[in-house]
Amino acid sequence: MGTSLRALRALVLLAGFYVLALAVLALLTGAGLAVWAWASPAAALTVTVLCVLLGLPVLRGVFTLGTAGGNRKRGNGDDAPETDGLAVTDGEQPELWRAVRSLAERTGTRAPDAILLTEEVNAAVREDTRLLGLLPGRRRLYLGVPLLIGLTEPQLHSVIAHELGHYGNADTRLAGITLRGRDSVLRTVEGFQAPRRKLRDRAWARQGRPAGEAVRKGRSIDLGGGGRTGFGYGSMARPFQAYARFYLRATSSVGRGQELAADRVAARVAGRDATASALREIAVLDAVHDFYLTEYVALGTRAALLPPPGEVCGGLRHLLADPELRSDMAELRGEPGPGHGTPYDSHPPVAERIRLIEAMPDDGRAADPARPALALLHEAGRVLAEVERVLLTPEALAMERADWPELIHRAAHALAEAGAEALRTALAEAGAKPARTQPQDDREPADSAGGATATGAARDLAALLDAADAGRLWQVADHLPKSPEAARASGRAAREFLRPALEYGSRSLAELALVEAAGARWALSWSTPPRLRLPAGRDLTEPLAAAVRAALADDPDTAPLRALLAH
């Protein structure tokens, strides 16, 4: 479909929303005027107020039409609001700019006016158009730092060419009409649904305890949706919901076509094999990046720690270089996901895109140089640190910095402290040890996690083992926090409810005791969770788990855990 036809289609879809909105407003206005001629003043006033309430969501949908910002087209997901990033100039990053301008020339479109680096596993283009996208404007290219870290240079070229292909097909300009119309339809639907939800909540609150008793006894209750007003909101929302479904199906089908067209541009400019491999790599990179943020960066923030400057984004390269993870990634590349989607998906499934690209004729460019894409950045370490400075919150930037091994140890220690807290409280409440109301005496060693006074974990663990040997283990466990089901249980069932919390707290307490008494530390690993090791290097993870299970068995054996602590 040519640009003119696509523009006409977008305008027709947008006009359809206006026609529907005006028809509904005309119907409400006519009803409000007619009732004054046929009904009593009190009834007419009631109907008029109802018509006004029903018309407000429509008016809000119409008048929010022109409030959206510039038009952005994402290369690896749905359309989304603009993301801030670090702007890099031609003078700062000449090689990156040369590559982008060369790709724009080969794509046959105008180069972007700005390049911004973000923290996302994604690339996107934006154009600040005018007149609902009919007139061109300032262009921006967004590049995710994880792409620079995880892709080769030819693969990154294909990603950039794909995004520039959206410029060449006028996708970013026409998106101004499509996205704003879609936003208005969805805002109108939400405008009807939100008051109806509030009315239902109020109805539930009015019924209160009788409603709850009816539900518990298996009887149905009638919330009523708020009476006539609730029914009116539901009825008025139906035509807009139907049009929203039609609008989303129509615009999403256009979006899928645009993505396939941009893929063909990328394959022509950057090469078939580079384009297909980039799609495979990005799908894997997205999962790896989420794992990295959750298991490493977020782990540090729990202890108010961040890695050294540049490593919040740049630490991903350590994870990607791990031999075991590289093996897992190789398997994931062969499984890019399902080859089918829904009619509302704005992007075709990755598997379908890869299949169509790989079905193209061989262009003979499989042997292009595979330099890492990060080599395009001048002083990459400094740039990664600047990206963090721009994208992190002031609270995050104020956190203490520690190298990765120290960060992992201190963060794991903080998690162990939190994990053992409930059990240590239970020990005190059960009378197995004195409650800790003041710092421990000077005979206890310093805590190796941060130099603070020792927490007495070894003493608390010894108290727990003594309780187990004396047959009082489950008396202690009974003071652990319980779910309502656990509180109602008794006997064997009660023990099984408490066992997971008891095992977790005991393992955490044993870890703290080994850090305190034996100088153990959590060791950094990029392919497994942190491993607790003795100074000589012995891995305590599996022996400790086995010893804890033995100590908490129905016939407790505390000797293995005491032996570990003796080290």
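Do we have any residue at all in region 506-526 that's among the hydroxyl-bearing types (Ser, Thr, Tyr) and out of contact with any helix residue (DSSP H, G or I) (no Cβ under 8 Å at 6 or more places or on another chain)?
At the first step, the residues of region 506-526 found to be among the hydroxyl-bearing types (Ser, Thr, Tyr) are 506, 508, 525.
Subsequent filtering for residues that are out of contact with any helix residue (DSSP H, G or I) (no Cβ under 8 Å at 6 or more places or on another chain) retains 525.
Looking for residues that are among the hydroxyl-bearing types (Ser, Thr, Tyr) and out of contact with any helix residue (DSSP H, G or I) (no Cβ under 8 Å at 6 or more places or on another chain), one finds at least one in region 506-526, hence yes.
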For this session: Considering only residues that are surrounded by 14 or more Cβ atoms within 10 Å (Cβ to Cβ) and farther than 22 Å from Ala242 by Cα, look in region 47-69 and name the one that is modelled with the highest pLDDT.
Result: Thr48
Exercise. Could you count how many residues in region 70-117 are surrounded by 17 or more Cβ atoms within 10 Å (Cβ to Cβ), at pLDDT 95 or above and among the polar types (S, T, N, Q)?
Worked result: 1
Exercise. Just to be sure, is Glu503 among the acidic types (Asp, Glu) and free of Cβ contacts under 8 Å to residues at least 60 places away in the same chain?
Worked result: yes
Seminar exercise, completed: Considering residues that are exposed (fewer than 12 other Cβ atoms within 10 Å of the Cβ) and among the hydroxyl-bearing types (Ser, Thr, Tyr), the number found within region 535-557 is 0
For this session: State whether the residues of region 344-355 include one that is modelled with pLDDT of 90 or more, of a type in the set (A, V, I, L, M, F, W, C) and either out of contact with any His (no Cβ under 8 Å at 6 or more places or on another chain) or closer than 30 Å to Leu502 by Cα (or both).
Result: yes
Problem set entry | First in region 548-567 and without any contact (Cβ under 8 Å) to a residue 24 or more places away in the chain, second anywhere and open to solvent by less than 60 Å² (accessible area, probe 1.4 Å) and in a loop (DSSP other than H, G, I, E, B), Cβ under 8 Å, 6 or more apart | Ala550/Pro556; Ala550/Thr558
Seminar exercise, completed: The one condition Leu480 fails out of (1) at pLDDT 90 or above; (2) assigned to a helix (DSSP H, G or I) is (2)
For this session: Hey, could you check region 414-457 for residues that are hydrophobic (A, V, I, L, M, F, W, C) and either over 26 Å from Ala553 (Cβ atoms) or modelled with pLDDT under 90 (or both) and say which is nearest to the chain's Cα centre (by Cα)?
Result: Ala414
Exercise. Has region 487-494 got any residue that is part of a loop (DSSP other than H, G, I, E, B) and either among the charged types (D, E, K, R) or at pLDDT 95 or above (or both)?
Worked result: no
For this session: Could you list all residues from region 386-433 that are touching a Leu at 6+ places or on another chain (Cβ under 7 Å), closer than 27 Å to Asp84 by Cα and outside any helix (DSSP H, G or I)?
Result: Met399, Glu400, Arg401, Ala402
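The values are calculated or read from the model by the stated rules, or taken from the named source; none is laboratory data. Nothing here was measured: the structure is a model prediction, and the numbers come from that model. Neighbour counts run over all protein chains shown; Cβ positions are idealised from the backbone, glycine included. In case anyone asks, the SASA skips ligands and DNA or RNA and just uses the protein heavy atoms, side chains included. Shrake-Rupley method; radii C 1.70, N 1.55, O 1.52, S 1.80 Å.
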